[in-house]
1. How many residues are among the aromatic types (Phe, Trp, Tyr) and under 30 Å from LEU60 (Cβ atoms) if we restrict to segment 82-131?
2. For segment 65-86, give me each residue that is assigned to a loop (DSSP other than H, G, I, E, B), open to solvent by less than 30 Å² (accessible area, probe 1.4 Å) and not charged (D, E, K, R).
3. Could you please tell me which pairs satisfy a Cβ distance under 7 Å, a separation of 6+ or placement on different chains, a first residue in segment 104-127 that is free of Cβ contacts under 8 Å to residues at least 24 places away in the same chain, and a second residue that is of a type in the set (S, T, N, Q)?
4. If we scan segment 140-147, do we find a residue that is within 20 Å of ALA65 (Cβ to Cβ), among the hydrophobic types (A, V, I, L, M, F, W, C) and assigned to a strand (DSSP E or B)?
5. Give the residue that is nearest to LEU19 (Cα to Cα), with candidates limited to residues of segment 115-136 that are open to solvent by less than 40 Å² (accessible area, probe 1.4 Å) and outside any loop (DSSP other than H, G, I, E, B).
Amino acid sequence: MDITPQCVVGLTWTLKDTLGDTLDVLDEPVEFLVGGNDLFDAIEQALQGHKAGDVVSLHLEPEQAFGDFDDQLLFLEPRALFPAEVEEGMTFDGAALPQGVSAGIPKQGLYTVAEIYPDHLVLDGNHPLAGIALRLSLTVRSVREATEEEIGRGTAGTGFFRVEPMAPGGRQLH
């Protein structure tokens, strides 16, 4: 079966930056709905017409993937508002940030603690891969017809590459 809109594909991949450094490897297939909300448009377009066993390699510019880095999504917040055990790399859902953080922080984002200082910390609302051009090698492991439920939901249920709008110019991977 060829990949067309409204089918489900099982994919594995290797994700690298343009310098060739490996960022992510997925060895066990994950299913995605083609024609839904699961994949970036550029990935869906590249997969069209392929079938199980095919390898698809593509280059994604930031605007085709996780967006450009947006310095408007960096927030300097009082250290005292956060738990004592907070560490760099920890993430916070925007809707669950402590009371007293900057009023301008969008609530629908995910924020990473980028830096910690004695009195402040930096929250970064950019996706960790924002601003990075990517090289993606996908292996199509399976192709099947989507169920009516998957089509109705717009997803195969993994939510792996689901992208939702965030603050100006930002995109959030879920």
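1. Final tally of qualifying residues: 2.
2. To start, the set of residues in segment 65-86 that are assigned to a loop (DSSP other than H, G, I, E, B) comprises 65-70, 82-86.
Remaining after also requiring open to solvent by less than 30 Å² (accessible area, probe 1.4 Å): 65-67, 70, 82, 86.
Within segment 65-86, ALA65, PHE66, GLY67, PHE82, VAL86 meet the criteria.
3. Pairs that qualify, where the first residue is free of Cβ contacts under 8 Å to residues at least 24 places away in the same chain and the partner is of a type in the set (S, T, N, Q), are THR112/THR91.
4. Yes, segment 140-147 contains a residue that is within 20 Å of ALA65 (Cβ to Cβ), among the hydrophobic types (A, V, I, L, M, F, W, C) and assigned to a strand (DSSP E or B).
5. Checked segment 115-136; the qualifying residue nearest to LEU19 (Cα to Cα) is LEU134.
The values are calculated or read from the model by the stated rules, or taken from the named source; none is laboratory data. Note that the structure is a prediction, hence the values are computed from the model and not measured. A quick note on method: Cβ atoms are made from the backbone with ideal geometry, for glycine too, and the neighbour counts reach across all protein chains shown. These area figures cover heavy atoms from the full protein model, side chains too; ligands, DNA and RNA do not enter into them. Shrake-Rupley method; radii C 1.70, N 1.55, O 1.52, S 1.80 Å.
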